[in-house]
1. If we scan region 72-85, do we find a residue that is within 14 Å of ligand 1 (Cβ to nearest atom) and in a loop (DSSP other than H, G, I, E, B)?
2. If you check LYS67 against the conditions, is it closer than 27 Å to LYS112 by Cβ and more than 13 Å from ligand 2 (Cβ to nearest atom)?
3. Has region 20-38 got at least one residue that is within 15 Å of the chain's Cα centre (by Cα), at pLDDT 95 or above and among the polar types (S, T, N, Q)?
4. Could we say that PHE6 is under 20 Å from ARG105 (Cβ atoms), within 16 Å of ligand 2 (Cβ to nearest atom) and touching a strand residue (DSSP E or B) at 6+ places or on another chain (Cβ under 9 Å) here?
5. Please go through region 32-51 and give me each residue that is within 25 Å of ASP109 (Cβ to Cβ) and out of contact with any strand residue (DSSP E or B) (no Cβ under 9 Å at 6 or more places or on another chain), ordered by number.
6. Which pairs turn up if I take residues in region 1-18 that are farther than 11 Å from VAL42 by Cβ and at pLDDT 95 or above and look for partners that are part of a loop (DSSP other than H, G, I, E, B) and more than 8 Å from ligand 2 (Cβ to nearest atom) with beta carbon separation below 8 Å, at least 6 apart in sequence or on another chain?
7. Does any residue in region 50-70 that is over 21 Å from HIS17 (Cβ atoms) come within less than 8 Å, Cβ to Cβ, of a residue that is of a type in the set (Gly, Ala, Ser) six or more places away or on a different chain, and which pairs are these?
8. For region 7-46, which positions are within 16 Å of ILE103 (Cα to Cα) and of a type in the set (Gly, Ala, Ser)?
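The values are calculated or read from the model by the stated rules, or taken from the named source; none is laboratory data. From a predicted model like this one, the values you see are computed outputs, not experimental measurements. Every residue, glycine among them, receives a Cβ derived from its backbone with ideal geometry; neighbour counts consider all protein chains shown.
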Amino acid sequence: MDACLFCKIISGEIPSHKVYEDEKVFAFLDINPVNKGHVLVVPKNHSTDLVECSDEDLCSCMSAAKKIGSKQLEALGAKGFNTLINTRPASGQIIYHTHIHVIPRFEGDGFKHWHGKSYSNDEERVILEKLRF
Ligand code: AMP
Ligand code: ZN
């Protein structure tokens, strides 16, 4: 994909701070990190988002994310990490090349989880009917 920012990062046309690379995967520091050491893991094959990404590429990326998260624990003294994938605009995706965020976490770092909502009346059953396979 000629115009894709992350394809240009993978090819080296745009500079990045590479953390990890293998046959299928490239990983580099996020330019605007949630916490320092926040890494983006991307498949070398272009796909726009998780839905379009092959299972093989996805497995390779998740395996790399596990290695990188473990390294954040060891090398940065992180107390945990989040792996996060935004899919489509409503989720906050802004770059349309599949990527996994690997975010090192520290006590009291201020990165908040979602506020839970409650189901009313029959809503849970209706949603379940739509969702289950
Ligand atoms: P998303 O909202 O999931 O699409 O996340 C895109 C991420 O890409 C954001 O966290 C940005 O900070 C990051 N980003 C954008 N441009 C660059 C770049 N040139 N190098 C590294 N990270 C970038
Ligand atoms: Zn791309």
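1. In the first step, residues of region 72-85 are kept if they are within 14 Å of ligand 1 (Cβ to nearest atom); the result is 82-85.
Subset that is in a loop (DSSP other than H, G, I, E, B): 85.
Yes, some residue in region 72-85 is within 14 Å of ligand 1 (Cβ to nearest atom) and in a loop (DSSP other than H, G, I, E, B).
2. Details: closer than 27 Å to LYS112 by Cβ: yes; more than 13 Å from ligand 2 (Cβ to nearest atom): yes.
So LYS67 passes the test.
3. Going through region 20-38, the residues within 15 Å of the chain's Cα centre (by Cα) turn out to be 20, 25-35, 37-38.
Applying the additional criterion that residues be at pLDDT 95 or above yields 20, 25-35, 37-38.
Filter again for among the polar types (S, T, N, Q), leaving 32, 35.
Looking for residues that are within 15 Å of the chain's Cα centre (by Cα), at pLDDT 95 or above and among the polar types (S, T, N, Q), one finds at least one in region 20-38, hence yes.
4. Values: under 20 Å from ARG105 (Cβ atoms): no; within 16 Å of ligand 2 (Cβ to nearest atom): yes; touching a strand residue (DSSP E or B) at 6+ places or on another chain (Cβ under 9 Å): yes.
No: the conditions fail for PHE6.
5. We begin by selecting, within region 32-51, every residue within 25 Å of ASP109 (Cβ to Cβ); these are 32-42.
ASN32, the sole residue that qualifies.
6. Once the first residue is farther than 11 Å from VAL42 by Cβ and at pLDDT 95 or above and sits in region 1-18, its partners that are part of a loop (DSSP other than H, G, I, E, B) and more than 8 Å from ligand 2 (Cβ to nearest atom) give LYS8/ILE14.
7. Pairs that qualify, where the first residue is over 21 Å from HIS17 (Cβ atoms) and the partner is of a type in the set (Gly, Ala, Ser), are CYS53/SER47; SER54/SER47; ASP57/SER47.
8. ALA27, GLY37
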